[in-house]
1. Is there a residue in segment 221-232 that is open to solvent by 80 Å² or more (accessible area, probe 1.4 Å) and modelled with pLDDT of 80 or more?
2. Give segment 473-527 a look and list any residue that's open to solvent by 50 Å² or more (accessible area, probe 1.4 Å), in a helix (DSSP H, G or I) and closer than 30 Å to Gln342 by Cα, or say none.
3. Go through Leu168, Leu133 for me and flag whichever is within 20 Å of Asn104 (Cα to Cα), more than 40 Å from the chain's Cα centre (by Cα) and of a type in the set (A, V, I, L, M).
4. Here are some conditions: (1) within 26 Å of Gln346 (Cβ to Cβ); (2) touching a strand residue (DSSP E or B) at 6+ places or on another chain (Cβ under 7 Å). Gly408 meets all but one. Which one does it not meet?
5. When you look at Leu235, is it open to solvent by less than 90 Å² (accessible area, probe 1.4 Å), modelled with pLDDT of 85 or more, part of a loop (DSSP other than H, G, I, E, B) and within 28 Å of Cys446 (Cα to Cα), yes or no?
6. Out of (1) part of a loop (DSSP other than H, G, I, E, B); (2) among the charged types (D, E, K, R); (3) more than 41 Å from the chain's Cα centre (by Cα), the odd one out for Arg125 is which?
7. Restricting attention to segment 365-407, report how many residues are under 22 Å from Arg507 (Cβ atoms), touching a Phe, Trp or Tyr at 6+ places or on another chain (Cβ under 9 Å) and either among the basic types (Lys, Arg) or open to solvent by 10 Å² or more (accessible area, probe 1.4 Å) (or both).
8. Mind listing just one residue for me: the one in segment 47-56 that is at pLDDT 85 or above and under 15 Å from Ala6 (Cβ atoms) and, of those, least open to solvent (accessible area, probe 1.4 Å)?
Amino acid sequence: DDWRAAINELVAAIFSPDEDEELLVQGLRDRLDAMVSLAQATGFERALSLDVIRSLLEGVLEDTRGAHRFLTGRVTFCNMVPMRSIPFRVVCLIGMNGEDFPRNQRPLSFDLMAQAPRRGDRSRRRDDRYLFLEAVLSARDVLYVSYVGNDVRDNSIKVPSVVASELLDYLEQGYASEDGRQLEKRLVIRHPLQPFSRTYFDGSDGRLFSYTQTWADAARTGPGTAISAFAAAELGPPDETRKTLDIEELIQFLRNPSKYFLTQRLGLRLPDEDEIPEDTEPFDAEGLERYQLRQSLLNQCLAGRDEKAILTRLRGEGVLPHGAPGELLLEEQLEAAVPFLQRLAQRADEPLEPLEVDLVLGGFRLQGQMRNLRPSGLLDYRFGKLKAKDRLATWVRHLVLNALTLQGVEPVSLYVAEDYTQHLAPVEDARGLLQELLDLRWQGLCTPLAFFPESALAWVEKEEYGYGFHKAWSDEFNRFREADDIAVRIAFRGREPIGAAFEAKARCILQPLLDHSETVKAEKELP
């Protein structure tokens, strides 16, 4: 009770509300009354601190909801209806696009008055034109008219309402700008598409401004501005223990040097699209799911299992949809796998046991296991299209095979893909080429290496930035374009990744591979 009396006395001493403002002050009094009623109902009689009272009243004092009555002193939102030509300091007409205002009438098919209109019949479009005139006459200080000028999907031009265009035409005919500029250019403000556009902050147009610090920071890193490079200086050499590595780690580096630098040297954890499982029941397999299905299917076929056993196993693994869709998908993939299995069967000599590798190359030590060795050489395969990353992986293993000079094993390698087979011939200086790759990997631990496998291969094969390079690097229809790889975007932020360094690394890594390899289309190998 004491707080209610003190605050009411304070409000009466400070404020002198008129008829419209009295409703706002009454909200504060109602909150105080509710507080006292609650205390009486619960039997609470202890003293309350100022912090408690402030917390109870903050909701009322910060309430920005409009009043329920028309014209209560705040901003009024309303439809454009007749008889509201009341003077206002500011009148804002929002959404004045050509297809929205004046409104179009869609008469019913049996409306005879609409089919044969006469003078005096009501027209909604004419009513809207009259409402616009009333709104213009109601504005005292400011008349604000806005519309969407460009389509959000294809950026095509969208026209304003005809009444807005007519108003501009009228002003052009009756008035002139003091500085001699065309009146429309002075009156019409075209806002940029993004809130972080530099024009909001560079002062080039005083009518465009923003107070948001976040967008100002983004504008400073926009096109035409100096962006601080992510890796502006080369890091010092890593610990000497990193000179010992696995074969698969070297392959991992060559597949994506940018990701390798960020994760292995800086310890960053990059987001993975496959970390979040789907929360819907699969009725088909697409993308990575289809790829995993094909590889699992191939392994089951190579293990000699029949179709029924394969179906049971794949459903148990959760990679195959339930019911008839799963059976149809399996049948489709089995049919596609038959030519691939026939090509593998042509090289069906007995595989050897995995071989332990421990090579000392310069100051590096390369360890690991060599699998898929046969008397006829190394045989790698994947039930998918041949990619540059596959060719690089086989190339590294092929160099290791040639560096070992094994007895009873031919120093040749094959990589069988769905569309091509890659043949790798013996390499005389395998140890030297391996050491060059290890030197590049050591350099890639100190700075991001400008090497992007698919784009580099497309460039080296023709040594030009043609269609093949564009498709791999930045084609908008390629969802796996390397320019959009998150690791590449982070590692090369603030500098151009394509240039002389890219060309040198592409030629250094891929030219020996191309000199010792031949690719043959799958159709030519089928029996």
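The values are calculated or read from the model by the stated rules, or taken from the named source; none is laboratory data. Model, not experiment: these values are computed from the prediction. Cβ sites come from the backbone with ideal geometry, for glycine too, and all protein chains shown count toward neighbours. For the accessible areas, the whole protein counts, side chains as well, though only heavy atoms, and no ligand, DNA or RNA atoms are used. Shrake-Rupley method; radii C 1.70, N 1.55, O 1.52, S 1.80 Å.
1. The answer is no, given that none of the residues of segment 221-232 is open to solvent by 80 Å² or more (accessible area, probe 1.4 Å) and modelled with pLDDT of 80 or more.
2. Result: Asp515, Glu523, Lys524.
3. Selected residue: Leu133, the only one of Leu168, Leu133 that is within 20 Å of Asn104 (Cα to Cα), more than 40 Å from the chain's Cα centre (by Cα) and of a type in the set (A, V, I, L, M).
4. (2)
5. Here the answer is yes, as Leu235 does meet what is asked.
6. Here Arg125 meets the rest and fails (1).
7. Final tally of qualifying residues: 3.
8. Residue satisfying both the conditions and the ranking: Ile53.
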